[in-house]
1. In the range 43-143, which helices (runs of 4 or more DSSP H) lie fully inside it and hold 1 or more residues that are surrounded by fewer than 17 Cβ atoms within 10 Å (Cβ to Cβ), among the aliphatic types (A, V, I, L, M) and over 19 Å from the mean Cα position of the chain (by Cα)?
2. Take Arg158 and decide whether it is in contact with a Gly (Cβ under 8 Å, 6 or more places away or on another chain) and under 23 Å from Ser25 (Cα atoms).
3. Looking at (1) within 21 Å of Asn221 (Cα to Cα); (2) within 16 Å of the ligand (Cβ to nearest atom); (3) among the charged types (D, E, K, R), which one does Asp156 not meet, given that it meets all the others?
4. Residues that are surrounded by fewer than 17 Cβ atoms within 10 Å (Cβ to Cβ) and modelled with pLDDT under 95: which helices (runs of 4 or more DSSP H) entirely in the range 216-322 hold 3 or more of them?
5. Could you please tell me which pairs satisfy a Cβ distance under 6 Å, a separation of 6+ or placement on different chains, a first residue in the range 145-164 that is not assigned by TED's automatic domain parsing to the domain that holds Gly77, and a second residue that is assigned to a loop (DSSP other than H, G, I, E, B)?
6. Looking at (1) more than 18 Å from Ile190 (Cβ to Cβ); (2) among the charged types (D, E, K, R); (3) outside the structural domain of Arg302 (by TED's automatic domain parsing), can you tell me which one Lys240 breaks?
7. Consider only pairs whose beta carbons are under 7 Å apart and that are at least six residues apart or on different chains; among these, list those whose first residue lies in the range 41-68 and is in contact (Cβ under 8 Å) with a residue 60 or more places away in the chain and whose second residue is exposed (fewer than 14 other Cβ atoms within 10 Å of the Cβ) and of a type in the set (A, V, I, L, M).
Amino acid sequence: MFKKKDQKKETIDPGRDVKGDFDRSAGSVDVFSWRRHADMSLEKMMKIISKDRITRKRSIRADAHFDFNGKVVIDAGCGGGLKLFPLVERGAKLAIGIDGSAPALAAAQKIKKKLGAQNVVFINSFIEDCEPKITKLVGGGADFLLCSQVIPHTTDWRAILSLFHRLLKDDGWLKLVWVDCTLGFGVYNIRNKISYWIGKNKKDRMRIGDMLFSRFDMKGNKQKFEKQSYLADLYAAPYKIIPFWSMTSELKKVGFEVMECYPPNDLEEWQRQRRRSGIAVTRGEKIAFTPFLRWIPTLALRIRNFLWRGANERILICRKIS
Ligand SMILES: C[S@@+](CC[C@H](N)C(=O)[O-])C[C@H]1O[C@@H](n2cnc3c(N)ncnc32)[C@H](O)[C@@H]1O
């Protein structure tokens with residue numbers, strides 16, 4: 001039904017086999033080079049930077065209030081620089097963007113030039129291979145490492161967490177953002193897997209995803225990315241399913257402490273975020289939080305996270321502790 005003339009040319013994935021496993025990194029970078037992710041004009045970037053300035057003030061997240069003056073920051077899988085340039089604007093001494101996709105970095109370079117940001121360095125490399133280059137640039141490690149919506153695209157995400165640990169200074173911060181299957185019914189992962197496995201190539205997968213799911217998913221395109229690049233990310237890029245508990249236990253093993261979690265996954269973190277937002281604890285909540293009953297609101301919180309339609313992004317703010 002979906003067969004088109006050009007399908008013959010492209011029936012196998014571009015990934016190689018790595019230790020018997022599909023090289024998801026190569027497959028993803030190929031998709032994001034083909035349909036550049038979050039490609040944008042200088043005007044759009046300026047809008048994002050100024051919006052970030054406003055929303056940060058109201059945010060309860062620790063990273064929204066970090067002082068980046070004189071700091072070294074890394075964005076692993078920076079794409080067109082959507083998240084990196086706002087950090088540069090906040091005074092980072094050196095900002096390093098790594099991405100496997102040359103076309104994505106070409107778009108980021110254009111913005112860098114227009115902004116006249118001399119302190120930004122882009123490295124065209126797989127994250128897996130970037131260590132020697134980063135160590136050359138910052139021997140002592142970085143203060144802050146951001147990895148946003150990239151880790152499920154990599155072949156060995158556990159090895160990537162160890163690499164992040166090595167790239168950071170002692171006490172350095174890691175901000176990790178990924179699509180977590182324990183949120184929003186896991187529909188993001190389910191739809192990606194359906195399109196990915198039925199489709200034989202990138203175009204096919206996008207066509208299938210577009211036909212079956214895009215009427216629901218396009219509502220999530222808040223940044224108004226070009227439709228084709230949005231669909232490619234959703235349906236043509238290979239994602240590894242990484243549940244919350246696997247991620248947090250691996251972070252611990254590697255030597256990170258999870259300081260903040262959005263949305264919260266346990267009662268302590270939920271209470272902490274309520275306090276930070278200035279919301280008083282009600283009498284009913286106090287009763288529910290007694291030691292005997294605590295498991296009920298915790299379970300309710302996790303069920304709510306899972307059932308909450310539209311939410312699929314998990315944010316962890318971690319500190320390197322050992
Ligand atoms: C969904 S985009 C996210 C871009 C950016 N972090 C953001 O939040 O807008 C994923 C990016 O990760 C890059 N990528 C995926 N796997 C990679 C890998 N193993 N090494 C380097 N870059 C990778 C892709 O080329 C793409 O630009």
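1. Where helices (runs of 4 or more DSSP H) fall fully within the range 43-143 and carry at least 1 residues being surrounded by fewer than 17 Cβ atoms within 10 Å (Cβ to Cβ), among the aliphatic types (A, V, I, L, M) and over 19 Å from the mean Cα position of the chain (by Cα), they are 102-115, 131-137.
2. It is false that Arg158 is in contact with a Gly (Cβ under 8 Å, 6 or more places away or on another chain) and under 23 Å from Ser25 (Cα atoms).
3. (1) is the only condition that Asp156 fails.
4. The helices (runs of 4 or more DSSP H) meeting that bar are 267-276, 283-288, 295-307.
5. Listed by first residue and then by second, the contacts come to nothing, as the list is empty.
6. Condition (1) is where Lys240 drops out.
7. Short answer, once both residue conditions are applied: none.
This table checks each residue for (1) farther than 23 Å from Trp173 by Cα; (2) in the same structural domain as Lys169 (by TED's automatic domain parsing); (3) touching a Leu at 6+ places or on another chain (Cβ under 7 Å).
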position	(1), (2), (3)
Leu251	no, yes, yes
Ile279	yes, no, no
Thr298	yes, no, yes
Arg302	yes, no, no
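The values are calculated or read from the model by the stated rules, or taken from the named source; none is laboratory data. Values in this document were obtained by computation on a predicted structure and should not be read as measured data. Positions of Cβ are generated from backbone atoms using ideal geometry, with glycine treated the same way; all protein chains shown enter the neighbour counts.
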